[in-house]
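Everything on this sheet refers to the single structure shown next.
The values are calculated or read from the model by the stated rules, or taken from the named source; none is laboratory data. None of the values given here were measured: they were computed from a predicted structure. Note that we place each Cβ from the backbone using ideal geometry, even for glycine, and neighbour counts take in every protein chain shown. Side chains included, ligands, DNA and RNA excluded: accessible areas come from the protein's heavy atoms. Shrake-Rupley method; radii C 1.70, N 1.55, O 1.52, S 1.80 Å.
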Amino acid sequence: MKRIGVFTSGGDAPGMNACIRAVVRGAVYHGIEVFGIRRGYSGMIAGDVYKMESHSVSNIVQRGGTILKSARSKEFMTPEGRKKAYNNLVDLGIEGLVAIGGNGTFTGAMIFGNEYGIPTVGAPGTIDNDLYGTDYTIGFDTAVNTALDAIDRIRDTASSHDRIFFIEVMGRDSGYIAVQSGIAGGAELVMVPEVLTPISEVVETLKQGWSRSKSSSIIIVAEGDEEGSAQEVADKIKVQVDENADIRVTTLGHTQRGGPPSAYDRILASRLGLGALEGLIGGHKNVMAGIINNDLVYTPFEDTIRLPKPINEDLLRMVKILSV
Ligand code: F6P
């Protein structure tokens with residue numbers, strides 16, 4: 001393989017730049033030319049690419065976001081869009097791809113690979129940590145720490161005013177960010193999409209706290225929770241508990257997607273970027289590089305997309321025990 005392309009796609013995640021750096025520097029080390037494709041599949045269709053050298057990735061290991069930019073391309077979901085992308089890759093002599101992204105990115109890569117045979121190896125980049133085939137995804141650790149920083153600050157003011165706070169964190173259909181930031185932040189309860197926490201249980205938890213002289217509470221709500229958004233949960237609670245209860249809602253939103261990556265994410269991204277590149281050189285295709293129990297593994301895109309990544313229910317149980 002003489003020439004490859006690298007791109008980021010879907011929601012950005014802190015550590016994507018460290019991953020791009022590892023792919024580019026690894027390619028230079030192995031004597032392979034590497035082209036950066038801007039805005040994921042949109043750039044592939046538009047032919048928005050540039051040749052990257054070692055210096056193209058200087059001074060980015062510490063930066064959030066992605067220097068290659070990111071997008072979710074509707075056109076790539078059509079056969080016509082994929083044909084344009086394929087023709088551009090052929091014209092440029094690109095023989096393989098490293099795709100940094102999440103579920104949607106790998107779904108696109110799998111379809112493209114099956115249609116045109118271009119080998120792609122993925123590196124999991126998403127704050128959601130919702131991909132089967134790796135213990136952690138690039139950006140998750142930073143997002144948890146960003147959420148935790150906000151939770152700590154909210155706890156100060158919640159305590160001063162004897163308030164109940166419902167804090168909504170991201171994660172799409174996954175409760176990983178909620179569970180980890182909730183445990184680290186000492187939350188009274190964590191509500192996740194994987195396991196239903198009925199409103200009656202939230203009310204019960206709050207009442208038990210009051211009976212033990214707790215004057216403030218923090219409840220973390222994952223954005224995909226079945227009971228609704230943090231605001232909707234708070235509205236339902238309001239009518240069921242003491243009408244004088246002082247309730248506030250904070251939605252952390254896209255703050256969780258930005259900021260410098262943690263040391264953990266930079267190291268993970270570097271391992272996965274190099275792992276994806278060397279997997280591609282070694283003949284892997286249509287697989288995602290992941291780290292499981294500290295070992296580099298490759299999992300077919302089909303499995304990373306199809307198989308669920310279960311949440312650790314012991315951790316949810318622990319939240320309840322520790323908030324007694
Ligand atoms: O997948 C990452 C993520 O941040 C999810 O947690 C969230 O549901 C979604 O992307 C938000 O997407 P957008 O940036 O398009 O609003």
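The single condition from (1) assigned by TED's automatic domain parsing to the domain that holds Gln240; (2) under 26 Å from Gly65 (Cα atoms) that Phe166 fails is (2). Across segment 268-295, the number of residues qualifying as within 18 Å of Ile4 (Cβ to Cβ), open to solvent by 10 Å² or more (accessible area, probe 1.4 Å) and aliphatic (A, V, I, L, M) comes to 3.
Only a single item in (1) within 19 Å of the chain's Cα centre (by Cα); (2) within 16 Å of the ligand (Cβ to nearest atom); (3) among the hydrophobic types (A, V, I, L, M, F, W, C) is not met by Ile183, and it is number (2). Working carefully through the options Ser270, Ser213, find the one that is closer than 22 Å to Val57 by Cβ and either not in a strand (DSSP E or B) or not assigned by TED's automatic domain parsing to the domain that holds Ala109 (or both). Of the residues listed, the single one that is closer than 22 Å to Val57 by Cβ and either not in a strand (DSSP E or B) or not assigned by TED's automatic domain parsing to the domain that holds Ala109 (or both) is Ser270. Scanning segment 189-223 for residues that are farther than 21 Å from Met318 by Cβ and within 16 Å of the ligand (Cβ to nearest atom) yields one hit, Glu223.
Check segment 5-24 and report whether any residue there is open to solvent by 20 Å² or more (accessible area, probe 1.4 Å) and within 16 Å of Ile94 (Cβ to Cβ). No, segment 5-24 has no match at all.
Given the criterion touching a residue at least 24 places away in the same chain (Cβ under 8 Å) and under 27 Å from Asn129 (Cβ atoms), identify the matching residue among Gly186, Gly209.
Numbers: Gly209 fails: under 27 Å from Asn129 (Cβ atoms).
The conditions single out Gly186.
Kindly check whether there is at least one residue in segment 66-74 that is of a type outside the set (S, T, N, Q), buried (at least 21 other Cβ atoms within 10 Å of the Cβ) and free of Cβ contacts under 8 Å to residues at least 40 places away in the same chain. Looking for residues that are of a type outside the set (S, T, N, Q), buried (at least 21 other Cβ atoms within 10 Å of the Cβ) and free of Cβ contacts under 8 Å to residues at least 40 places away in the same chain, one finds none in segment 66-74, hence no.
Just to be sure, is Glu227 farther than 19 Å from Ile154 by Cα, out of contact with any Phe, Trp or Tyr (no Cβ under 7 Å at 6 or more places or on another chain) and assigned to a helix (DSSP H, G or I)? Here the answer is no, as Glu227 does not meet what is asked.
What do you reckon, is Val98 modelled with pLDDT of 95 or more, surrounded by 20 or more Cβ atoms within 10 Å (Cβ to Cβ) and closer than 22 Å to Leu280 by Cα? Spelling it out, Val98 is indeed modelled with pLDDT of 95 or more, surrounded by 20 or more Cβ atoms within 10 Å (Cβ to Cβ) and closer than 22 Å to Leu280 by Cα.
Scan segment 1-42 for residues that are within 16 Å of the ligand (Cβ to nearest atom), in a helix (DSSP H, G or I) and farther than 24 Å from Lys74 by Cα and the total you get is 1. Annotation note: Cβ proximity below 9 Å between a residue of segment 161-179 that is touching a residue at least 12 places away in the same chain (Cβ under 8 Å) and at positive phi and a residue that is away from the ligand (no atom under 11 Å from the Cβ) and of a type in the set (S, T, N, Q) (sequence gap 6+ or interchain) occurs for Asp162/Ser215; Asp162/Ser216. Return a yes/no flag: does segment 144-153 have any residue that is under 25 Å from Gly275 (Cβ atoms) and either outside the structural domain of Ala22 (by TED's automatic domain parsing) or surrounded by 19 or more Cβ atoms within 10 Å (Cβ to Cβ) (or both). Yes: one or more hits.
Being farther than 26 Å from Gly283 by Cβ, modelled with pLDDT of 95 or more and within 15 Å of the ligand (Cβ to nearest atom) narrows it down to one of Ser58, Ser70, so name that one.
Details: Ser58 fails: within 15 Å of the ligand (Cβ to nearest atom).
Result of the check over Ser58, Ser70: Ser70.
Can you pull out the residues in segment 114-129 that are crowded, with 24+ Cβ neighbours inside 10 Å and more than 13 Å from Ala269 (Cα to Cα)?
In the first step, residues of segment 114-129 are kept if they are crowded, with 24+ Cβ neighbours inside 10 Å; the result is 120-129.
Passing the criteria: Thr120, Val121, Asp128, Asn129.
For segment 164-179, filtered to residues that are farther than 20 Å from Glu201 by Cα and part of a helix (DSSP H, G or I), the residue that is farthest from the ligand (Cβ to nearest atom) is Tyr176. Does segment 241-248 contain any residue that is at pLDDT 95 or above and either hydroxyl-bearing (Ser, Thr, Tyr) or in a helix (DSSP H, G or I) (or both)? No, segment 241-248 contains no residue that is at pLDDT 95 or above and either hydroxyl-bearing (Ser, Thr, Tyr) or in a helix (DSSP H, G or I) (or both). When Thr250 is tested against (1) crowded, with 20+ Cβ neighbours inside 10 Å; (2) in contact with a Phe, Trp or Tyr (Cβ under 8 Å, 6 or more places away or on another chain); (3) of a type in the set (Ser, Thr, Tyr), only condition (1) is not met.
One residue is enough: does segment 116-132 have a residue meeting the conditions within 16 Å of the ligand (Cβ to nearest atom), of a type in the set (Gly, Ala, Ser), in a loop (DSSP other than H, G, I, E, B) and under 24 Å from Gly259 (Cα atoms)? No, that holds for no residue.
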